[in-house]
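Structure first, commentary second.
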Amino acid sequence: DAGITQSPRHKVTETGTPVTLRCHQTENHRYMYWYRQDPGHGLRLIHYSYGVKDTDKGEVSDGYSVSRSKTEDFLLTLESATSSQTSVYFCAISDGGLARTGELFFGEGSRLTVL
Amino acid sequence: QKEVEQDPGPLSVPEGAIVSLNCTYSNSAFQYFMWYRQYSRKGPELLMYTYSSGNKEDGRFTAQVDKSSKYISLFIRDSQPSDSATYLCAMSWNSGNTPLVFGKGTRLSVIA
């Protein structure tokens, strides 16, 4: 299994509070991604990173920010959580061979509930 | 219209059945096609990868791509209860690291 750790795995928070999810990898892969998965919507890309301090927006980036100060860590921040951000969040990594192999390695997911 | 359409199911079949899962897409530039399998409360994992049109077989699994119809399929032969999972199609148009576009996933149950 690819060395990807997401934390926290479960979190319940209240509307308006800030939340940070962490993705830590031990594979030294260049590319890191944050997805959210919701019933009826499938997997949707929030933000991704193609190197330290290099990030780009995905399909559903509003209300989210990211940071990557080290190769191994990719943080996803909800500045002021809303109930619509209740979801399961997945971190994924790739080694730059995405087109060659199609392989994204996913973490176990972080289940966030915003009350 | 979403770029990738996938029937969410759920699909329930008896053990031993042949399962057909499908996705359609609208972007004719897609060239790289994948199927991911996701067990309950786990992250997705790559099952099959195909470049351009044609078939690819791996054990009981066969992936087909028909670019003229913008249609991809995953066939599972002799389905087993352990195949019960959600299957997501994914695709990309770029030879670099353009993020994948996923379908919504089809939930499959194989009944013993």
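The values are calculated or read from the model by the stated rules, or taken from the named source; none is laboratory data. Since the model is a prediction, treat every value here as computed from it, not as a measurement. Cβ sites come from the backbone with ideal geometry, for glycine too, and all protein chains shown count toward neighbours. Please note that ligands, DNA and RNA were not included when accessible areas were found on the heavy atoms of the full protein model with its side chains. Shrake-Rupley method; radii C 1.70, N 1.55, O 1.52, S 1.80 Å.
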Anything in segment A:21-37 that is under 12 Å from the mean Cα position of the chain (by Cα) and open to solvent by 70 Å² or more (accessible area, probe 1.4 Å)? List them, or say none.
A:ARG22
Does B:LEU11 satisfy the condition of being aliphatic (A, V, I, L, M), more than 24 Å from A:GLU59 (Cα to Cα), within 14 Å of chain A (Cβ to nearest Cβ) and touching a strand residue (DSSP E or B) at 6+ places or on another chain (Cβ under 7 Å)?
no
Scan of segment A:1-32 for residues that are modelled with pLDDT under 95 and closer than 16 Å to B:PRO44 by Cα, ordered by number
A:ASP1, A:ALA2, A:GLY3, A:MET32
Restricting attention to segment B:17-40, and to residues there that are open to solvent by 40 Å² or more (accessible area, probe 1.4 Å) and under 16 Å from B:SER79 (Cβ atoms), which single residue is farthest from the other protein chains (Cβ to nearest Cβ)?
B:ILE18
Here are some residues: B:ASP78, B:ASP66, B:ASP83. Which one is acidic (Asp, Glu), touching a Leu at 6+ places or on another chain (Cβ under 8 Å) and away from chain A (no Cβ under 14 Å)?
B:ASP83
Residue list for segment B:56-68, restricted to those being surrounded by fewer than 15 Cβ atoms within 10 Å (Cβ to Cβ) and either in contact with a helix residue (DSSP H, G or I) (Cβ under 9 Å, 6 or more places away or on another chain) or in contact (Cβ under 8 Å) with a residue 24 or more places away in the chain (or both):
B:ARG60
Among the residues of segment A:77-96, write down those that are in a strand (DSSP E or B) and closer than 22 Å to A:LEU112 by Cα.
A:THR77, A:LEU78, A:SER87, A:VAL88, A:TYR89, A:PHE90, A:CYS91, A:ALA92, A:ILE93
Mind counting the residues in segment A:43-76 that are open to solvent by 60 Å² or more (accessible area, probe 1.4 Å), farther than 18 Å from A:VAL114 by Cβ and free of Cβ contacts under 8 Å to residues at least 24 places away in the same chain?
9
Please indicate, with yes or no, whether at least one residue in segment B:35-49 is over 12 Å from the mean Cα position of the chain (by Cα) and in contact (Cβ under 8 Å) with a residue 24 or more places away in the chain.
yes
Among the residues of segment B:86-112 satisfying the criterion of being more than 9 Å from every other protein chain (Cβ to nearest Cβ) and more than 14 Å from the chain's Cα centre (by Cα), which is nearest to B:ALA29 (Cα to Cα)?
B:TRP93
With (1) part of a strand (DSSP E or B); (2) surrounded by fewer than 21 Cβ atoms within 10 Å (Cβ to Cβ) as the list, and A:GLY40 as the residue in question, which single condition is left unmet?
(1)
Of the residues that sit in segment B:41-55 and are within 11 Å of another protein chain (Cβ to nearest Cβ) and either in a strand (DSSP E or B) or closer than 13 Å to B:ASP83 by Cβ (or both), which one is most open to solvent (accessible area, probe 1.4 Å)?
B:TYR51
In segment B:13-34, anything within 13 Å of B:LEU47 (Cβ to Cβ) and free of Cβ contacts under 8 Å to residues at least 60 places away in the same chain is listed as B:PHE33
